[in-house]
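Data first, discussion second: the structure below is written as structure tokens.
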Ligand code: NAP
């Protein structure tokens, strides 16, 4: 569902938050508390975490699903006067000292932007992976696991996501092989212990999948090294958990700097290289990417935006009209620190 509203290009926002995951939602909540004229534009609602079955490392909640967490933060944000729309931003522009975010049907002029655009699943580049995508090659155990009742599955990857996917899938599957190209599974210790104690899960390390094969359905993966004497591993489904790529393309169009991985470079204040643009969560170069760290960065970004727009001398512009700044944004920022 995409919800839109009629937009007034003359309307000026203090802050536009792009991204509907928990990072963006937490930013929207704080923007509301800080009485900033704010809007969150994001789709799908709740972002990637809404497809996670269980979260046990968000302080204050011993265990809850990703959707529950996203719903709770959304409800919290809606307690305040902040707008939330389900839509995608298709283009952003920098005009004088302001920014304009465009959706298919509207445009939003703003003094600041927070990029909380997250990341997308990384795809495996081997023969068969694209051909069987959605037909046995999957990315979300919680969403698609029930389709693989009593099947033998491969989970490809060696991080915490691979561990969690295998654990989720063990509810339905007969057996699961985690195929790790490195020496060992680098999961959170608590998840590693669960994997080790789960008699449906086996690990194949220092091995790459070179091909996914079958006819109408997946029948096997080929390995670059024999497992129990055979390079063919019979499976009926393959779940890819090899990390994710940051969704930073939109930010890059504004000249926002990224690292070689494409992650937006931020400082401890979540500032990017461009005044008035902040970034938070999985799209950034923060090493330890967790729901709680994304939420914290979203909150920091709003605080910085609040200081940025809060000075009396902040320039205003409406659409293409621009009133010269009596004080440069750099001066303004140093005054507010
Ligand atoms: P990750 O930690 O980046 O691990 C990706 C894994 O996939 C690595 O083992 C990597 O191998 C492997 N890999 C990459 N490309 C591959 C390829 N082409 N073929 C085979 N294997 C490949 O990714 P992740 O597990 O998705 O975790 C991403 C971030 O999300 C982490 O920061 C993690 O802490 C976080 N996370 C958080 C939660 C949570 O909040 N509870 C849950 C899950 C993940 P190499 O090691 O050899 O490169």
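Pair-distance distribution P(r) for segment 137-240, from all Cα-Cα distances in 5 Å bins starting at 0: 3, 14, 27, 26, 20, 9, 2, 0 percent. Note on residue 199/residue 96: beta-carbon distance plugged into 1/(1 + (r/R0)^6) with R0 of 41 Å gives a FRET efficiency of 0.05.
Averaging the Cα positions of each part gives two centres, and for segment 24-59 and segment 206-267 these lie 27 Å apart. Contact order for the chain, expressed relative to its length and based on alpha carbon pairs under 8 Å spaced 6+ residues apart, stands at 19 percent. Ordering of 226-232, 275-281, 115-121 by packing is 275-281, 115-121, 226-232, highest average first (other Cβ atoms within 10 Å, averaged per residue). Taking Cα atoms only, the orientation of helix 291-310 departs from the longest principal axis of the chain by about 10 degrees.
On the beta carbon distance between residue 208 and residue 245, with R0 = 25 Å, the FRET formula returns roughly 0.80. With the highest mean first, a sort of the peptides 211-219, 234-242 on other beta-carbon atoms found within 10 angstrom per residue produces 234-242, 211-219. To the nearest ten degrees, helix 22-33 and the longest principal axis of the Cα atoms of the chain are 20 degrees apart. The slack between residue 190 and residue 287, meaning 0.36 nm per residue of separation minus the straight C-alpha distance, is 33.0 nm.
Compared with the dominant principal axis of the Cα atoms in the chain, helix 160-169 is inclined by about 60°. Helical runs assigned H by DSSP (4 residues or longer) give the chain a calculated mean residue ellipticity at 222 nm of -7000 deg cm²/dmol, each run adding -39500 (n - 2.57) before division by the residue total. Give the relative contact order (percent, whole number) for segment 137-240; include only Cα pairs under 8 Å separated by 6+ residues. Contact order relative to length: 31 percent.
No value in this document is a laboratory result; all are computed from the given coordinates. Computed from a predicted model, the values in this text were never measured in an experiment. Counting neighbours? That spans all protein chains shown, and the Cβs are built from the backbone with ideal geometry, glycine included.
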